[in-house]
1. Considering the range 177-207 alone, what residues qualify as being under 12 Å from Ala217 (Cβ atoms) and free of Cβ contacts under 8 Å to residues at least 24 places away in the same chain?
2. Determine if the range 162-175 includes at least one residue that is within 15 Å of the ligand (Cβ to nearest atom) and modelled with pLDDT under 95.
3. Considering each of Arg167, Arg143, Arg219 in turn, give the residue that is exposed (fewer than 14 other Cβ atoms within 10 Å of the Cβ) and out of contact with any His (no Cβ under 6 Å at 6 or more places or on another chain).
4. Of all residues in the range 112-136, how many are closer than 23 Å to Asn100 by Cα, surrounded by fewer than 18 Cβ atoms within 10 Å (Cβ to Cβ) and of a type outside the set (A, V, I, L, M)?
5. Yes or no: Arg61 of a type outside the set (Ser, Thr, Tyr), under 22 Å from Arg178 (Cα atoms) and touching a residue at least 24 places away in the same chain (Cβ under 8 Å)?
6. Name the residues in the range 146-164 that are surrounded by fewer than 22 Cβ atoms within 10 Å (Cβ to Cβ) and either of a type outside the set (D, E, K, R) or without any contact (Cβ under 8 Å) to a residue 12 or more places away in the chain (or both), would you?
7. Take the residues of the range 182-209 that are of a type in the set (A, V, I, L, M, F, W, C) and in contact with a Gly (Cβ under 8 Å, 6 or more places away or on another chain): which is farthest from Glu139 (Cα to Cα)?
8. Check Gly149, Gly123 and return the single one that is touching an Asp or Glu at 6+ places or on another chain (Cβ under 9 Å) and within 16 Å of the ligand (Cβ to nearest atom).
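The values are calculated or read from the model by the stated rules, or taken from the named source; none is laboratory data. These numbers come from a predicted model, not from an experiment. Cβ atoms come from the backbone with ideal geometry, glycine included; neighbour counts cover every protein chain shown.
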Amino acid sequence: MELKEFIEQLPKRAVRAKKDGTYTVTPGMRQGVLPAGQLAAIAGVVEEYGLKGVRISTGQRLVVDGVPGEVLPEVVEKIGPVGDVFRNKVQACQGVSGCNLGQRDSMGAAAALEEFLKDRKFGIKLKAGASGCPMCCAESMIRDVGLIGRKNGWTVSFGGNGGRRARKGDILAVDVSREEAFAVIGKALDYYAANARNKERTARFVERVGIDAVKAAIR
Ligand code: SF4
């Protein structure tokens, strides 16, 4: 198989070509967790192929830099899962599993939300965040879909966006169970998928149709 063909069949954001002729490889992660075996495999390829080490990207991904093309397929195979494990990304803070302020299981909710979203295709790559408390460290309010844990349940936000035209999401539900939150998210996304323009992000969609239209669709 040609190298170009090999790269094209990998998951998105698995490998990037650099100007100096080398490649970067991005190990696949879920909620920022790397199991010990995968960590050992990454350390192994860095040592075996004399690479510089690993780097944390601005998007908080782990990146292996400077991989020569001739060993790229071997490196990818040895590292294990690479690139986006799921089409729609859900970032999470530690929540009750590791933060003293945590009020909800944000890691578990994020993993479940990834599964819930895995077969849904949109014109955009959907970004979601699950935070274990209103401090919102997983940036839930500036994601297409956000979960924010509180003492009495989850708050659901929709239509947030970071970047150049930042927008704070609108609240669709408060103090709901995880199942109720997912039902709200599913209905909001169904409405968005049926009515959004090509590649229109949820933030721009909500600005165009109005949040009341989204709220009416989830009733
Ligand atoms: S959002 Fe809350 S629970 Fe999550 S890391 Fe921040 S302070 Fe901790």
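1. Hits for the range 177-207 are Ala194, Asn195.
2. Within the range 162-175, none of the residues are within 15 Å of the ligand (Cβ to nearest atom) and modelled with pLDDT under 95.
3. Arg219
4. 1
5. Judged against the criteria, Arg61 is not a match.
6. Asn152, Gly153, Asn161, Gly162, Gly163, Arg164
7. Ala196
8. Gly149
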